[in-house]
Amino acid sequence: MKKVVKFGGSSLASARQFKKVGDIIRADKARRYVIPSAPGKRSSKDEKVTDLLYACYDAASSGESYKKILNKIKERYSEIINGLDLNVNLDHEFERIEDNFKKGVGRDYAASRGEYLNGILMAAYLGYEFIDAAEVIFFDDNGAFEAELTNRELSERLEHVERAVIPGFYGSKHDGTIKTFSRGGSDVTGSIVARAIHADLYENWTDVSGFLVTDPRIVENPEVIETITYKELRELAYMGASVLHEDAIFPVRREGIPINIRNTNRPEDKGTLIVESTCRKPRYTITGIAGKKGFCSINIEKAMMNAEVGFGRKVLGVFEKYGISFEHMPSGIDTMTILVHQDEFVEYEQSVIAGIHRAVEPDRVDLESDLALIAVVGRGMKATRGTAGRIFSALAHARINVKMIDQGSSELNIIIGVRNADFEAAVRAIYDIFIETEI
């Protein structure tokens, strides 16, 4: 059995955390390929090494004083080396980094050094082979990730390597320039490696015991989701729920490799298993609740709208002209509502209204601002009658007015629109009706 294990910044923030990670890896011989992040915060007042690297680079490349910041970075790694009693000296690495910073080689290079140095330490600590991600993960000249080239090269490189550490977050362009994924991209690296070696499981270790049913800042101690499908995760992630970088899904999904979200500080917890499909009956009717504030709706009325061929295309063409993407578009016989991000829309609102009048000659156009959208997601909803009714009942009981409801054709999710001010209360009401009453 082969497992790829990725550890986040909080899991590798100190020598103490490194020891926890070492115990986890050594507890299972199948954990053969390790993807480390850069050291994260040791406490709420601490700084992430990646942020320090950005600050150091900006100062050094512009000729400002940077030694104090560089020393902070060196101290972080020294603490780990001394705490683990490693026979590793990073002086040469830091000399090269300092030289490249002064040359201004790029912020991506600067950001990547946190993972690179942590990878060296992790390989030394475990006795695994170190493989620089710049040698096996590739981007084209425009900075777009080259999935197939990477998969081919990485597969060949790891074919005869039993155990390896590959730093997360970065790769290189064809000219050798370092290129990073977006923030949190170590998740993506782990997924890429899992695909390349045809892993049986990709374990993503972080500081939470899996994917929670909803935001713990809104609901105290929400339940952990035991099993979730890629589709459900995609819906929840799109609406703001985040434990895993959303691009990390695609490489493993192509291979049917499950992802297990685990907690480094509670390794006994099973966490959340992310799969393509499953026969396992979900514990609750819904899988998760996620949402975002800051939307507005454009409500268009016109008699016999449904008889006008191309009406929707003409309306959306106005939004496209001003570079505004829409989130949802519920419609009736004589009405159409477009929901968009308010901050994207407000600058062009009068131009859009005028454009709609010219394009389709509506009877009326109304705007409503300060709306929130809540996604209720779950594969169990399809086989359960009355799901929408229970949502409405819960919201009515909480005295919350529903502004919009939209259900996808897959019956996997229901989107509810409420006022921004009602967002948290609405999430709590839906959680209570589906989770608390079903426990």
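Give the residue from 174, 54, 44 lying farthest towards the positive end of the charge dipole for region 21-175; charges sit on Cβ (+1 for Lys and Arg, -1 for Asp and Glu) and the dipole is referred to the Cα centre. Going by the charge dipole, the pick is 44.
Charged side chains reduced to their Cβ positions (Lys and Arg at +1, Asp and Glu at -1) give region 349-416 a dipole of some 520 debye around its Cα centre. Applied to region 122-138, the Karplus parametrisation 6.51 cos²θ - 1.76 cosθ + 1.60 on θ = phi - 60° returns per-residue 3J(HN,Hα) values of 5, 4, 5, 5, 8, x, 9, 6, 9, 10, 5, 4, 5, 8, 9, 10, 10 Hz, with x for Gly and Pro. A convex hull fitted around the alpha carbon atoms of region 1-96 yields 115 Å³ per residue. Using C-alpha pairs under 8 Å with a sequence gap of at least 6, the mean separation divided by the residue count of the chain gives a relative contact order of 13 percent.
Mind running the shape call on region 124-171? Use the C-alpha gyration tensor, a ≥ b ≥ c as the square roots of the eigenvalues: rounded below 1.5 for a/c, prolate if a/b tops b/c, oblate otherwise. The shape class here is oblate.
Taking a point 7 Å from the Cα of residue 424 along the Cα-to-Cβ direction, the residues of region 364-380 with backbone N closer than 19 Å to it are 370-375. Using a 7 Å offset from Cα along Cα-Cβ at residue 207, what residues in region 262-292 end up with backbone N under 19 Å from the label point? Label zone hits: 262-269, 271-272.
Placing +1 on the Cβ of each Lys and Arg and -1 on the Cβ of each Asp and Glu in region 289-410, which of 340, 388, 306 has its Cα farthest towards the positive end of the resulting dipole? Comparing the listed Cα positions along the dipole, 388 ranks first. Electrostatic bookkeeping for residue 323 treats Lys and Arg as +1 and Asp and Glu as -1; over the other residues with beta carbon under 11 Å from its beta carbon, the sum is -2.
Considering the options 224, 319, 400, tell which one lies farthest towards the positive end of the dipole of the chain, charges being +1 on Lys and Arg and -1 on Asp and Glu at the Cβ, about the Cα centre. Value: 224. Pair-distance distribution of the chain: all C-alpha pairs, bin width 20 Å, starting at 0; shares per bin in whole percent are 23, 47, 28, 3.
In loop segments of region 297-388 as defined by DSSP, the GluC sites (Glu not before Pro) with at most 12 further C-beta atoms inside 10 Å of their C-beta are 308. Taken along the Cα-to-beta-carbon direction at a fixed 7 Å, the label points for residue 313 and residue 65 span 6.5 nm. Each Lys or Arg adds one and each Asp or Glu subtracts one; over the other residues with Cβ under 14 Å from the Cβ of residue 302, this totals -3.
When the P(r) is computed for region 163-300, the part past 25 Å accounts for 32% of the Cα-Cα pairs. Annotation for residue 183 and residue 279: the two label points, set 7 Å from Cα along the Cα-Cβ direction, are 4.4 nm apart.
Near residue 95, once Lys and Arg are set to +1 and Asp and Glu to -1 for all other residues with Cβ below 12 Å from its Cβ, the sum equals -1.
Of the GluC sites (Glu not before Pro) found in region 191-252, those in coil by DSSP whose Cβ has at most 16 other Cβ atoms within 10 Å are 220, 226. The Cα-based radius of gyration and maximum Cα-Cα distance (Dmax) for region 119-240 are 16.8, 50 Å.
The charge dipole of the chain, taken about the Cα centre with unit charges on the Cβ atoms of Lys, Arg (+1) and Asp, Glu (-1), comes to about 980 debye, rounded to the nearest 20.
Laboratory data are not the source of any read-out in this text; all were calculated from the coordinates shown. The structure displayed is predicted, hence computed values, not measured ones. Quick reminder, even Gly has a Cβ in these numbers, built from the backbone with ideal geometry, and neighbours come from all protein chains shown.
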